[in-house]
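Enquirer: Once you've had a glance at the structure underneath, I'll fire off some questions.
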Amino acid sequence: MLNYKPSKDFQEFCASFKNSYDDLGWPNPRLESWKLTNVNKFISDTSKLLTNDRCITFSHKNKEIIKNLNVKSLNLLKSDFFKNHEMSRVILSNINNGFEISLPDNFNSKENIEINSKIKLGSWNSSVFIIKIGKNVSAKLSFDFSLSSNSICTPLIAFEIGENSNISFGFNVVNESDNLNNSNYIALMNGKLMKNSTLNSLVTQQGVNLSRSEININLVGDYSSFNLVGLYFGRQKHHKDITTSVNHLAEHTSSKQIVRGILDDSAVGVYQGGIKVSNDAQKTDGKQMSRALLLSKLAESNSKPELEIFADDVSCSHGATIGELNKDQLFYLLSRGLPFLEARQILIRAYLNEILEEIYDEDLIKQLNKAINMWLKQLQFKDAA
């Protein structure tokens, strides 16, 4: 387990958010970006939750790349985004874990940098990760958040990727407990990409009552690129939310957001995806597409893709579809003698396999397959019951 020992300057910075948190608490559903996700419906009294400050493990042969937060770590946290964001006061005023990961120029590692967070029963972990990536870096970072029942996890991730670097981020959120209705996860991520840098990111959400991943990306260097694949699984009364904002601030930048969801029972899925193109971001290529598959008449999906374009030489598109399993395909399989549950499993697997074609990193593919197989196994248990 990693020991959290922030500097005095860093502690004072976090304490400055305390009054705001005491006055305002969690994000208000009247705010535009929170209208579709009412946190107060899931999280109320946190006073009895334990502080979970020794729950993070780190795995990589180079132990020198991770260290405790210090005054220099504050630079990425002092952005307007964190200063004005309503979740900053929640996370920073309750921080009990935090580390800086620094990858120097020309750092090249095929070994996955793994950060695992296992949240204990009846506890709240609020973590800060500062990630500084130099020039000409090639690396893969994997974040795995495993929640127990009656627990909360609120990570904040701030990063900067240097020129000519190629980075992969994987975020996996899962509740391995049988009690699915008492764990909540809200993550806040903000970062910037310099010239000719690329970030490929995968977000998977399953088995958690409330889960929201908010991602804000700033493409500040020419030819920088961001690609996101998001996948959420919801059942019972789960609420899943992937919210993104990609800001194109330089020429020849590109972004692609592909989000898929499967919702069963009374689960709710939310995708709020934004692409903003500034005046200087000519030759921008921005795409986003959201699809949700509903397995129940009571399941609900909300999609809100947005484009805000101020440049005139761009190629941008967005779209969203919500539907059920194809009845003709289901009928065809049934007519060939397959049982209903087996036929449904085949169609669900085919739907999920489409998203695998959007990923080219082997480690991210493994993470996605693991999430898919776990959810299909849970669905089989439900069908058998």
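Enquirer: Which percentage, to the nearest 5, of the DSSP beta bridges contained in the stretch 8-325 is antiparallel?
Expert: The antiparallel proportion sits near 5 percent.
Enquirer: Next up: Count charges around Lys18 for me, please; just the other residues with Cβ under 13 Å from its Cβ, Lys/Arg as +1, Asp/Glu as -1.
Expert: Combined, the nearby Lys, Arg, Asp and Glu give -2.
Enquirer: Another question about this same structure. What translational diffusion coefficient, to the nearest whole µm²/s, does the stretch 216-299 have by Stokes-Einstein, given a Kirkwood radius computed over alpha-carbon pairs, a temperature of 10 °C and 1.306 mPa s viscosity?
Expert: Rounded to a whole number, D works out at 116 µm²/s.
Enquirer: Do you know the relative contact order of the chain, to the nearest whole percent, from alpha carbon pairs under 8 angstrom that are 6+ apart?
Expert: Across the chain, relative contact order equals 9 percent.
Enquirer: Hey, got the Cα dimensions of the chain along the principal axes, in Å, largest first?
Expert: 67, 54, 45
Enquirer: Just going by the charge dipole of the stretch 8-325, with Lys and Arg at +1 and Asp and Glu at -1 on Cβ, which of His252, Ser142, Gly25 is farthest out on the positive end?
Expert: It is Ser142.
Enquirer: Short version: ³J(HN,Hα) in whole Hz for each residue of the stretch 189-194, in order, from phi by Karplus 6.51 cos²θ - 1.76 cosθ + 1.60 (θ = phi - 60°), x for Gly and Pro, what are they?
Expert: Each residue of the stretch 189-194 in turn: 10, 9, x, 9, 10, 8 Hz.
Enquirer: Three principal axis extents, largest first, for the C-alpha atoms of the stretch 15-138, in Å?
Expert: Computed over the stretch 15-138, the largest-to-smallest principal extents equal 46, 34, 29 Å.
Enquirer: What is the magnitude of the charge dipole of the stretch 8-325 about its Cα centre, with +1 placed on the Cβ of each Lys and Arg, -1 on the Cβ of each Asp and Glu, and no other charges, expressed in debye to the nearest 20?
Expert: Roughly 520 debye, rounded to the nearest 20.
Enquirer: Across the stretch 68-175, how large is the tail of the calculated P(r) beyond 16 Å, expressed as a percent of all Cα pairs?
Expert: Summing the P(r) tail past 16 Å for the stretch 68-175 gives 62 percent.
Enquirer: Can you tally the net charge around Asn164? Count Lys and Arg as +1, Asp and Glu as -1, for every other residue whose Cβ sits under 9 Å from the Cβ of Asn164.
Expert: +1
Enquirer: Next question. Please go through the stretch 132-173 and write out the chymotrypsin sites (Phe, Trp or Tyr not before Pro) that DSSP classes as loop and that have at most 15 other C-beta atoms within 10 Å.
Expert: For chymotrypsin sites (Phe, Trp or Tyr not before Pro) across the stretch 132-173 that sit outside H, G, I, E and B with at most 15 neighbouring Cβ atoms in 10 Å, the list is empty.
We did not get these values from a lab; they are worked out from the coordinates using the rules stated. Just so you know, these numbers come straight off a predicted model, no measurement behind them. Quick reminder, even Gly has a Cβ in these numbers, built from the backbone with ideal geometry, and neighbours come from all protein chains shown.
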